[in-house]
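Peer 1: Below is the structure I would like to discuss, written out as structure tokens.
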Amino acid sequence: MAGRDARSLLLGLLLVWGAWADVEVNMEDRVEVLRGYNAQIDCIFTSAQDTEGVVIQWLYVTPSGEKPSIYYQDATMNYTQQGTQFTDRISVIGTRPGEVVLMISNVQLIDELEFICLVKSQAEGAGEGRTRLKVFEIPDLPTIEGVQTGISVNEDRPSKIGICEVKNGYPKPNITWYRNNMPLRIDRDVVKITPSTTTESSGLFSVRSELSMKVEREHKDDLFYCEVTYLVPGETRMTETHRINVTVYYPSTTVNVWVESPKGKIKEGDSIELHCRGNGNTPSSLISITHMETGETWDNSMLVLSNVTRLNSGVYHCLSVDTDTFDEISGETKVFVNYIDDAVLKPEDNVVVPQGQDLTATCNALSSLQTHTIWLKDGEEISKDHSLMLKNVSFDTAGTYKCVVTVPEIEGMGTSGSLLVHIQGPPQIIKPDNTELEETFENTVDLSCNVRGFPAPSVSWTTSDGQTLKTASLRDTEEGVQSVVSVKVTSDISAVCNAQNDFGSDSLTFNIKAIKHTSTSATTTTTTTTTTTSISPTSVKAETPIPPKKIKKESNGVIIAVIIICILLLAILGSVLYFLYKKGKICGRSGKQDLTKHKSSKDNIVVEMKSDNTEEAVLLGVNGEKQLPSEQ
């Protein structure tokens, strides 16, 4: 170590004395690097000797001006100076003859110094070069905050607009204020910008800028933002904050009053929403709305009137008072509520018109707008005029006529009325489709008699033999009356509806035919057996009654099938009896009789079938063969 110090001292003495000639050394003026990255400082020198014949030493300049060595290299050795801030972070490499490179890792802000590359040659002397290391840090994104309270145009001095801030940059970032994309410059009476810088413990800079400005009404929609510029290796970068708008309070110069709803024309029954607003913006205004016709006042900038009538028409006056200056401004609007009165019909309500005469009725409704009138009967339009004319009236003319008056300009605005027309004349019974009726015996039938005529006819019911029937119900109709009678059918009967009023009478006869229930007669089957013996003939007659059955008309096929089955069964029975007879098993008959002998008709077994549904008698022989009556 002592030897190295001696050599350094000797080198210094030689430099002082100027015994050596100069060596040419070239270096960049500055090297730029982001904090935390690696720096590379090149040192290029020119010497007649090769690299091994020179001494290379790296030094740096402290803020106080000292030049401590951080690296030494000669032909026999090289080492890094211990105890410096670079001891563990530097290395020196030779990339080619006449060039050495100082590498600094993990560069920090304290490394922003001037570095010296000293090259010494015994034959040519010494030379040095210097490079300044510049360190950069990209700042955080800038922030902007506007004032939350409004700013009045009446302020005498600039009012605070907002604060813009950017943190942790190096070198110090720069903040510029903009209003509507135009940069703001300091103006003593109008614009005031107050910057401040804070050095953080890390050595980085945080910059804060406050903008104050004297606002005018025209600034109410202005957008403010900040532009931050900062340096990085080899370039200048820029970033912006978002835009902010501040509330500007300014007095109104005019007041507007308008109907917000409904849009278009207003009619009675609507709800009206009135608004009153000045063209200023101030929290110190008092607004009231007054109906000039009635003097009623509401202390509000919005007024809602429900279910309005024509009395709500008129001028609505709005007054705005600035409580700071006590200046008053006003405005007004005119509201008109359209109306339509109830329909007026002539004649009113009910009218009686003799048959054959004419009727003229009118319908009108007083309205603020043009109206349109139609007449309806039974839901169908019959006229499109205020007047209704009915010529040569008849009972078909009677009924209710509805008059509907509408305002075409306003949907849903209208009124209506009705007129009941009676046609004066003798009764006229409306004949139903069928007056000849058939009804089951003991059933009850309702007969309805609709009578037209006015005055309303009186109705009575009688039978053909002069008996009076009790009316079940009686109700008035638009044309006259309707009477209903209930008749129990015990025999053929004729019921007469009699109607009469002051002008005449009419009648209608209903003929009812009583129908009795029909049933199928009982079928009787008679079986006769006759035999001849030595004693005396014996006759056996059996009758089996069949109970009556209800036979439906649609069951004829079933009945035929049953009859056929019965005939087959009787044929089988006859064959069995004949067989037994031949074997002598019945009536003492021997089985040895000659089968070839002529059989008397007395020996025959006859089965007779009788039915209420046919006139034909079928006789079945012992073999089930049909026999005609001549063969019996």
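All of the numbers you see were taken from the coordinates with simple rules; none came from a lab. This is a predicted model, so every value here is computed, not measured. Note: ideal-geometry Cβ built from the backbone for every residue, glycine included; neighbour counts use all protein chains shown.
Peer 1: Explain nothing, just compute: Karplus ³J(HN,Hα) = 6.51 cos²θ - 1.76 cosθ + 1.60, θ = phi - 60°, for every residue of segment 80-91 in order, whole Hz, x for Gly and Pro.
Peer 2: Values, residue by residue: 9, 5, 7, x, 9, 6, 10, 3, 9, 10, 10, 8 Hz.
Peer 1: For T309 and S271, compute 0.36 nm times the residue count separating them, minus their Cα-Cα distance, and round to one decimal in nm.
Peer 2: Fully extending the segment from T309 to S271 adds 12.7 nm.
Peer 1: How large is the Kirkwood hydrodynamic radius of segment 150-263, in angstrom, based on all distinct alpha carbon pairs?
Peer 2: Kirkwood hydrodynamic radius for segment 150-263: 16.3 Å.
Peer 1: Oh, and also: To the nearest 20 Debye, how big is the dipole of segment 251-338 about its Cα centre, given +1 on the beta carbon of each Lys and Arg and -1 on that of each Asp and Glu?
Peer 2: 480 debye
Peer 1: Starting from the Kirkwood radius over alpha-carbon pairs of segment 88-190, derive D by Stokes-Einstein at 4 °C in a medium of 1.567 mPa s and give it in µm² s⁻¹.
Peer 2: Estimated via Stokes-Einstein, D reaches 66 µm²/s.
Peer 1: Also, quick follow-up: Loop-only check: which GluC sites (Glu not before Pro) in segment 340-440 are DSSP coil with at most 16 other Cβ within 10 angstrom?
Peer 2: E348, E409, E411
Peer 1: May I ask you to evaluate 6.51 cos²θ - 1.76 cosθ + 1.60, the Karplus curve with θ = phi - 60°, for each residue of segment 113-126 and list the ³J(HN,Hα) values in order in whole Hz, giving x for glycine and proline?
Peer 2: 3J(HN,Hα) across segment 113-126, in whole Hz: 9, 9, 10, 10, 10, 9, 10, 10, 10, 5, 8, 10, x, 9.
Peer 1: Just to confirm the filter: which trypsin sites (Lys or Arg not before Pro) across segment 323-423 are DSSP coil and have at most 11 other Cβ within 10 angstrom of their Cβ?
Peer 2: Taking segment 323-423 and a limit of 11 other Cβ atoms within 10 Å, the loop trypsin sites (Lys or Arg not before Pro) found are K384, K391.
Peer 1: Also, quick follow-up: Could you give the length gained by full extension between Q467 and R179, i.e. 0.36 nm per residue of separation minus their alpha carbon distance, to one decimal place?
Peer 2: Gain on extension, Q467 to R179, equals 92.6 nm.
Peer 1: I've got another one for you. Give me, ordered by chain and number, the residues 5 or more places off V352 or on other chains with an amide H under 5 Å from its own placed amide H.
Peer 2: When sequence neighbours closer than 5 places are left aside, the close amide H contacts are H422.
Peer 1: What is the sum of charges around N511, taking Lys and Arg as +1, Asp and Glu as -1, for the other residues whose C-beta is under 15 Å from the C-beta of N511?
Peer 2: Details: positive: K431, K513; negative: D433, E436, E438, E439, D465, D492.
Neighbourhood net charge equals -4.
Peer 1: Ordered by residue, what ³J(HN,Hα) values in Hz, to whole numbers, does segment 485-501 give under the Karplus form 6.51 cos²θ - 1.76 cosθ + 1.60, where θ = phi - 60° and Gly and Pro are x?
Peer 2: Karplus-based 3J(HN,Hα) across segment 485-501 equals 10, 9, 10, 8, 8, 10, 6, 4, 9, 10, 10, 10, 8, 10, 10, 7, 9 Hz.
Peer 1: Right, here's the next one. Would any residue of segment 478-510 have its amide N under 17 Å from a label point 7 Å out along Cα→Cβ of K431? List them or say none.
Peer 2: The answer is 495-499, 505-510.
Peer 1: Could you pull out which residues in segment 304-343 have an amide N less than 16 Å from a spot 7 Å beyond the Cα of W258, following the Cα-Cβ vector?
Peer 2: Correct set: 318, 331-335.
Peer 1: Taking a threshold of 18 Å on the Cα-Cα distance, which of the pairs K160/K220; K267/K334; K267/K377; K377/K402 fall above it?
Peer 2: On the way: K160/K220 15 Å; K267/K334 14 Å; K267/K377 28 Å; K377/K402 6 Å.
From the list (K160/K220; K267/K334; K267/K377; K377/K402), the Cα-Cα distance tops 18 Å for K267/K377.
Peer 1: Calculate, in nm to one decimal, what K160 and K391 gain on full extension: separation in residues at 0.36 nm each, minus their alpha carbon distance. Don't skip to the answer; put the middle values down first.
Peer 2: Working: separation 231, 0.36 × 231 = 83.16 nm, distance 8.88 nm.
Answer, rounded to one decimal: 74.3 nm.
Peer 1: Exceeding 24 Å between C-alpha atoms, which entries from my cross-link table qualify? They are K134/K172; K431/K513; K346/K431.
Peer 2: On the way: K134/K172 13 Å; K431/K513 19 Å; K346/K431 34 Å.
Table pairs above 24 Å Cα-Cα are K346/K431.
Peer 1: Under the Kirkwood approximation for Rh and a Cα-based Rg, what ratio Rg/Rh is obtained for segment 239-347?
Peer 2: With Rg and the Kirkwood Rh in hand, the quotient comes to 1.19.
Peer 1: Please give, to one decimal in nm, the separation of the simple spin-label points placed at E66 and D29, each 7 Å out from Cα toward the Cβ.
Peer 2: A separation of 3.0 nm, rounded to one decimal place.
Peer 1: Search the structure for amide H atoms under 5 Å from the amide H of S159, placed 1.01 Å from N in the peptide plane, and list their residues when 5 or more places away or on another chain.
Peer 2: Result for S159 returns M213, K214, V215.
Peer 1: How far is the Cα center of segment 253-293 from the Cα center of segment 113-157, in Å?
Peer 2: Comparing the Cα centres of segment 253-293 and segment 113-157, I get a distance of 61 Å.
Peer 1: Let me spell out the model: positive unit charges on the Cβ of Lys and Arg, negative unit charges on the Cβ of Asp and Glu, origin at the Cα centre of segment 344-425. What dipole size does that give, in debye rounded to 20?
Peer 2: 160 debye
Peer 1: If you project the alpha carbons of segment 344-425 onto the principal axes, what extent comes out on each, in Å, largest first?
Peer 2: Dimensions of segment 344-425 along the principal axes of its Cα atoms: 44, 21, 17 Å.
Peer 1: Could you compute the net charge surrounding R243? Neighbours are other residues with a C-beta less than 13 Å from the C-beta of R243; K and R count +1, D and E count -1.
Peer 2: Within the 13 Å Cβ shell, the charges total -4.
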